[in-house]
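Values in this text are rule-based calculations from the coordinates and carry no lab data. Computed from a prediction, not measured in an experiment: that's the story for all the values here. For neighbour counting, all protein chains shown are included, and Cβ atoms are generated from backbone atoms with ideal geometry for every residue, glycine included.
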Amino acid sequence: MKTATAVAHSNIALAKYWGKADSERMLAAVPSLSMTLEALHTRTTVTFDAAIPADEVLLGDSPAQGRARSRVVALLDRVRRQSGLVQNARVVSTNNFPTAAGLASSASGFAALAVAAAAASGLSASGEELSSLARQSSVSAARSIYGGFVALGAGAEFAERVAPAESFEASMVIALTAAGAKAVGSSEGMDRTARTSPYYQAWVEHAPAVYERARRAIIDQNLEALGEAMEESALMMHASMFAARPALVYFTPATLAAMERVRALRTEGVPAFFTMDAGPHVKVLTRPSFATRVADALADTPGVLSVLVSRVGPDASVEPS
Ligand code: DP6
């Protein structure tokens, strides 16, 4: 029996990934850049054991089924191929945040799975290899291998750290809003956008320049420039989704109210900038010294159900046994 437990932190893209250059190989069409979140993580234990009759996957308390299970098994298969192991595995994975709230769990989930499975199998994988392993399950998971601020190039096999957590003081305030009807997942949403949106090509053309501005701003430690690029990236991505057929509109009245509140905070001199993923929640970048003020303002916004605050998080890691 071989076992290992790993923890990986979630990440929020400041410059968004939306669309694949190659769906088979899971390569992104545009470069992206994220902040790893200290407050949100997945802890996963992988055990390879000849006595296990078939791969078992427990997410929270419930056995994974269908596509959720097959995506996990596909990663285990890649690790078995690389390490020469043949045993079946038991995977037990928990998030320290409510998955039902619709916060992305695939990034931290597949990063933790990649690190735990590689360690349990005895593979001595580099950060690049772990990032590539996670990317083949979910592209944004490639970025959760590293802490701090992390970039993944268009068509890149693995992510790279742009700046460590301690080099740039930032907080992310997450406003969980009332979710409407069940959202279309990221993979399906971006495929639909690429196939049907007349604005998708424009997104792919313009995303690299916005990414580059965000990257520069992190290196220059310029939160305002980073915030401006971040809002542009999110709005450009959502514009490409609006024009898909059927349209992908993830915003709800609460999303718009929270965006408006962030703009109002700026007129009061608070450095605060929003971004939204494939869901109605609003994530707000600010300085740690303003995080409580931003969190209070968002908690007080109609339709906002709860608010989480996170600092910049660390690398994914194997827990000492
Ligand atoms: C809007 O990485 O979840 O959050 O690669 O198909 O698994 P797949 O998609 P996923 O998409 C994330 C999209 C996003 C932006 C981002 O995280 O960059």
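Observations, loosely collected:
- Comparing L256, P63, A154 along the charge dipole axis of the chain, the residue lying farthest to the positive side is P63, per the Cβ-charge model.
- Were the residues from V318 through H206 laid out at 0.36 nm apart, the gain over their Cα-Cα distance would be 36.5 nm.
- Farthest toward the positive end of the dipole of region 94-184, out of S124, A134, A170, is the Cα of A134, where the dipole comes from beta carbon charges about the Cα centre.
- A simple count of charges around Q82, restricted to other residues whose Cβ falls under 15 Å of its Cβ and scoring Lys, Arg +1 and Asp, Glu -1, yields +1.
- Helix 106-121 and the longest principal axis of the C-alpha atoms of the chain enclose an angle of approximately 20°.
- Around the Cα centre of the chain, unit charges on the Cβ atoms of Lys, Arg, Asp and Glu (plus for the first two, minus for the last two) sum to a dipole of about 560 debye.
- Most mobile of E212, E157, E166 in a GNM of the chain (Cα contacts under 10 Å): E166
- Sequentially through region 83-89, phi angles give Karplus couplings (6.51, -1.76, 1.60; θ = phi - 60°) of 9, x, 6, 10, 5, 6, 10 Hz, Gly and Pro residues having no value and appearing as x.
- Ellipsoid equivalent to the chain - semi-axes via the Cα gyration tensor, in Å: 32, 21, 19
- Using alpha-carbon coordinates, inclination of helix 186-196 to the longest axis of the chain, degrees: 60 degrees
- For the chain, built as a Gaussian network whose Cα springs stay under 10 Å, the top-fluctuating residue of G269, G127, G303: G269
- Angle between the chain longest axis and helix 253-267 axis [Cα atoms, degrees, rounded to 10]: 60 degrees
- Inter-part distance where region 306-321 and region 83-162 are each reduced to a Cα centre, Å: 14 Å
- Amide H contacts under 5 Å for Y146: A316, restricted to partners 5 or more places along the chain or on a different chain, H placed in the peptide plane at 1.01 Å from N.
- Taking the chain as a Gaussian network of alpha-carbon nodes connected by springs under 10 Å, the highest mean-square fluctuation of the residues T252, T45, T267 belongs to T267.
- Taking 0.36 nm per residue of separation and subtracting the current Cα-Cα distance, fully stretching the chain between V249 and T99 would add 51.9 nm.
- A DSSP coil position with no more than 14 other Cβ atoms inside 10 Å describes the following GluC sites (Glu not before Pro) in region 225-321: E268.
- Projected label distance in nm at D61 and A225, using a 7 Å step from Cα toward the beta-carbon: 5.0 nm
- Extreme residue, positive dipole direction of the chain, given options S32, T292, F242 (C-beta unit charges): F242
- Assuming charge only on the beta carbon of Lys and Arg (+1) and of Asp and Glu (-1), the dipole of region 184-321 about its Cα centre is about 160 debye to the nearest 20.
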